[in-house]
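The values are calculated or read from the model by the stated rules, or taken from the named source; none is laboratory data. None of the values given here were measured: they were computed from a predicted structure. With ideal geometry, Cβ positions are generated from the backbone for all residues, glycine too; neighbour counts draw on all protein chains shown. Only protein heavy atoms, including side chains, enter the accessible area calculation; ligands, DNA and RNA are left aside. Shrake-Rupley method; radii C 1.70, N 1.55, O 1.52, S 1.80 Å.
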Amino acid sequence: EAMAMGKAVVSTSAAVRGIMPVSEDCLLIADSESEFVRKTLLLLENADLRKTLGKNAREFVMQRYCWDNNMKKFDEFISV
């Protein structure tokens, strides 16, 4: 939901397993406490990075999970 709202996200690789493949141009992945802190501080200190990640995250979600795109795929599937 945060990605759909265009928010910059720091997550563990386990938490994003269900939306793979997702790259670090959409969110930051951190699997240890120190890495999570480091990447969170990076986002807090870098407004441009927050903006870019948020924009990319929203585009990622809209391309893969928006209703319009998914319903088009569903319509194609049932029309066969």
**Q.** Residues satisfying the stated conditions in the stretch 18-28, i.e. in a loop (DSSP other than H, G, I, E, B), among the hydrophobic types (A, V, I, L, M, F, W, C) and surrounded by fewer than 16 Cβ atoms within 10 Å (Cβ to Cβ)
**A.** MET20
Q) What is the one condition in (1) modelled with pLDDT of 95 or more; (2) assigned to a helix (DSSP H, G or I); (3) open to solvent by 60 Å² or more (accessible area, probe 1.4 Å); (4) not aromatic (Phe, Trp, Tyr) that ASP31 does not satisfy? A) (2)
Q: Please state which of the following conditions ASP75 fails to meet, knowing it meets all the rest: (1) charged (D, E, K, R); (2) exposed (fewer than 11 other Cβ atoms within 10 Å of the Cβ); (3) touching a Leu at 6+ places or on another chain (Cβ under 6 Å).
A: (3)
Q) Is at least one residue of the stretch 7-17 open to solvent by 90 Å² or more (accessible area, probe 1.4 Å) and modelled with pLDDT of 95 or more? A) yes
Q. Since LEU42 meets every condition but one in (1) exposed (fewer than 14 other Cβ atoms within 10 Å of the Cβ); (2) part of a helix (DSSP H, G or I), which condition does it not meet?
A. (1)
